[in-house]
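Undergrad: I have a structure I would like to understand better, so I am pasting it below and will then ask my questions one at a time.
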Amino acid sequence: MKTVFQKLFPRAAMGVACAAALTSGVASADEHVLVLLDRTGSMQLESVPGKTRFQVAKERINAFLDIVPPQPTKYAFWTFEGSSYTQVYSFTQNKTAAEVKAAVNAATLGGVTPLAHSVCAAVDALINYLPNEFHSKRIYMATDGEENNTPTTDQCYGPSSANPYPSLDTNSWQWKVRNKACTGSANAPGPCSGGIPPAGLTLIVDIDHLYDFVPFQADLVTEDAEDPRARSGFAAATLANNDAAFFGGLSNETNGRYAGITPSTPPAQATPVPGDATGDGCVNVADRSAVLAQYGQTVPAGTPTDFNRDRIVNIYDHNTVLQNYGRGCTTTVK
Ligand SMILES: [Ca+2]
Ligand SMILES: [Ca+2]
């Protein structure tokens, strides 16, 4: 278990600790979640049929904010485009999930993509917010990738890695972002489990990646090598697939959740309803049964029944089903 909270409370004691907190009203450690929304121009491209990448990203963030969190949560909400990021809300503003949702829904599209710059600044914001207390820390980024505008003076500026994750080129932007998220320093490789000084904080990175998946077809590229359009198509596909490998790897290393959403992703999974563990777009008895079947279990990141992403299926996930019961269903099953 990687979060500070979970380090403090060993797995066997977790149920007891949660139960004690519920009955006594004693506050446990908080979770600090920085939501980072890509609002660059390419987010206007179509994702699943009838919805832009931007719309899908917004709906997914909305769904995340509708789950029942496992502990008190403080939110920050940033967007990025152009030359930098915008701090729409900082942690110290103490905004509610509903206020963050409203701001997410009001976000508009802009220009180019300072992705590395924004992620690394977000890591700093999380490290520096209440640095001497024990809290879980999470970045939740929705993006279509394609980093192209981090300032050359930035801590995480670098060329794109020629080699895909995990063999990232030293000093590439991907290498620096990965190091930053894991060790707190862009130029310091090290295990994500080592903890970021001074408190030994570990950071979770969740990424929703909205892109077009293009299968890797070496034969086709060789035959069409004379066609500039084929080459550029191949380059774009390589870029998207390398982004997918990097984002997936970074999420995995930090015990976060990666979701790749392409135009062929089933709509109910592209824009999930909170509480829908079965992925059919409807919250009903089947979802409750799915949660109960894994109740009390520690599960891998991304497990559908673990709505609040703390890698434990318990009362909070069950409450997420109950609070959203009937949502998305054409016929209500009680
Ligand atoms: Ca369902
Ligand atoms: Ca959970």
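Undergrad: So is Asn128 of a type in the set (S, T, N, Q) and open to solvent by 70 Å² or more (accessible area, probe 1.4 Å) or not?
TA: yes
Undergrad: Related question: Can you find, within the stretch 256-311, the residue that is surrounded by the fewest Cβ atoms within 10 Å (Cβ to Cβ) among those that are of a type in the set (Phe, Trp, Tyr) and more than 16 Å from ligand 1 (Cβ to nearest atom)? So that I can check it myself, show each step before the final result.
TA: Start the filter on the stretch 256-311 by keeping residues that are of a type in the set (Phe, Trp, Tyr), which leaves 258, 295, 307.
Narrowing the set further to residues that are more than 16 Å from ligand 1 (Cβ to nearest atom) leaves 258, 295.
On the way: Tyr258: 18, Tyr295: 14.
The residue in question is Tyr295.
Undergrad: Using the structure shown, decide if Thr40 is hydroxyl-bearing (Ser, Thr, Tyr) and open to solvent by less than 20 Å² (accessible area, probe 1.4 Å).
TA: Considered against the rule, which asks whether it is hydroxyl-bearing (Ser, Thr, Tyr) and open to solvent by less than 20 Å² (accessible area, probe 1.4 Å), Thr40 comes out as yes.
Undergrad: What about Ala102, is it modelled with pLDDT of 95 or more, closer than 27 Å to Gly275 by Cα and open to solvent by 50 Å² or more (accessible area, probe 1.4 Å)?
TA: Criteria met by Ala102.
Undergrad: Quick test of your reading of the structure: Ala237 fulfils all but one of (1) surrounded by fewer than 20 Cβ atoms within 10 Å (Cβ to Cβ); (2) away from ligand 2 (no atom under 11 Å from the Cβ); (3) at pLDDT 95 or above. Name the failing condition by number.
TA: Here Ala237 clears every test but (3).
Undergrad: Sticking with this one: Under 8 Å between Cβ atoms, at least 6 apart or on separate chains: pull out the pairs that start in the stretch 175-203 with a residue that is aromatic (Phe, Trp, Tyr) and end on any residue that is open to solvent by less than 40 Å² (accessible area, probe 1.4 Å).
TA: Once the first residue is aromatic (Phe, Trp, Tyr) and sits in the stretch 175-203, its partners that are open to solvent by less than 40 Å² (accessible area, probe 1.4 Å) give Trp175/Gly158; Trp175/Ser161; Trp175/Leu168.
Undergrad: Here's a follow-up. Of everything in the stretch 136-149, what is open to solvent by less than 10 Å² (accessible area, probe 1.4 Å) and not acidic (Asp, Glu)? Give them in sequence order.
TA: Ser136, Lys137, Arg138, Ile139, Tyr140, Met141, Ala142, Thr143, Gly145
Undergrad: I'd like to know if the stretch 271-281 contains one or more residues that are free of Cβ contacts under 8 Å to residues at least 40 places away in the same chain, within 16 Å of ligand 2 (Cβ to nearest atom) and over 30 Å from Pro164 (Cβ atoms).
TA: Checked against the condition, which is being free of Cβ contacts under 8 Å to residues at least 40 places away in the same chain, within 16 Å of ligand 2 (Cβ to nearest atom) and over 30 Å from Pro164 (Cβ atoms), the stretch 271-281 yields no hits at all.
Undergrad: Asp317 versus (1) within 14 Å of ligand 2 (Cβ to nearest atom); (2) over 23 Å from Thr254 (Cβ atoms): which is the lone unmet condition?
TA: Going through (1) within 14 Å of ligand 2 (Cβ to nearest atom); (2) over 23 Å from Thr254 (Cβ atoms) one by one, Asp317 breaks only (2).
Undergrad: May I pose another question? Which numbered condition in (1) surrounded by fewer than 19 Cβ atoms within 10 Å (Cβ to Cβ); (2) β-branched (Val, Ile, Thr); (3) away from ligand 2 (no atom under 16 Å from the Cβ) is the only one that Val48 fails?
TA: Unmet condition: (1).
Per-residue answers, yes or no, for (1) touching a Gly at 6+ places or on another chain (Cβ under 7 Å); (2) in a loop (DSSP other than H, G, I, E, B):
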residue: Leu130; (1), (2): no, yes
residue: Glu133; (1), (2): no, yes
residue: Tyr140; (1), (2): no, no
residue: Gly145; (1), (2): no, yes
residue: Ser161; (1), (2): no, yes
residue: Val177; (1), (2): no, no
residue: Ile204; (1), (2): yes, no
residue: His209; (1), (2): yes, no
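Undergrad: Inspect the stretch 286-295 for any residue being of a type outside the set (Phe, Trp, Tyr), assigned to a loop (DSSP other than H, G, I, E, B) and either under 18 Å from Ala57 (Cβ atoms) or within 16 Å of ligand 2 (Cβ to nearest atom) (or both) and give the result as yes or no. Break it down stepwise before answering.
TA: Within the stretch 286-295, the subset of a type outside the set (Phe, Trp, Tyr) is 286-294.
With assigned to a loop (DSSP other than H, G, I, E, B) added as a condition, the list becomes 294.
Next cut, either under 18 Å from Ala57 (Cβ atoms) or within 16 Å of ligand 2 (Cβ to nearest atom) (or both) only: 294.
Checked the stretch 286-295: at least one residue is of a type outside the set (Phe, Trp, Tyr), assigned to a loop (DSSP other than H, G, I, E, B) and either under 18 Å from Ala57 (Cβ atoms) or within 16 Å of ligand 2 (Cβ to nearest atom) (or both).
Undergrad: Now a separate question. How many residues, within the stretch 151-163, are open to solvent by 60 Å² or more (accessible area, probe 1.4 Å) and touching a helix residue (DSSP H, G or I) at 6+ places or on another chain (Cβ under 8 Å)?
TA: The qualifying residues number 4.
The values are calculated or read from the model by the stated rules, or taken from the named source; none is laboratory data. Keep in mind the model is a prediction, meaning the values are calculated, not measured. Note: ideal-geometry Cβ built from the backbone for every residue, glycine included; neighbour counts use all protein chains shown. With ligands, DNA and RNA removed, areas are computed over all heavy atoms of the protein, side chains included. Shrake-Rupley method; radii C 1.70, N 1.55, O 1.52, S 1.80 Å.
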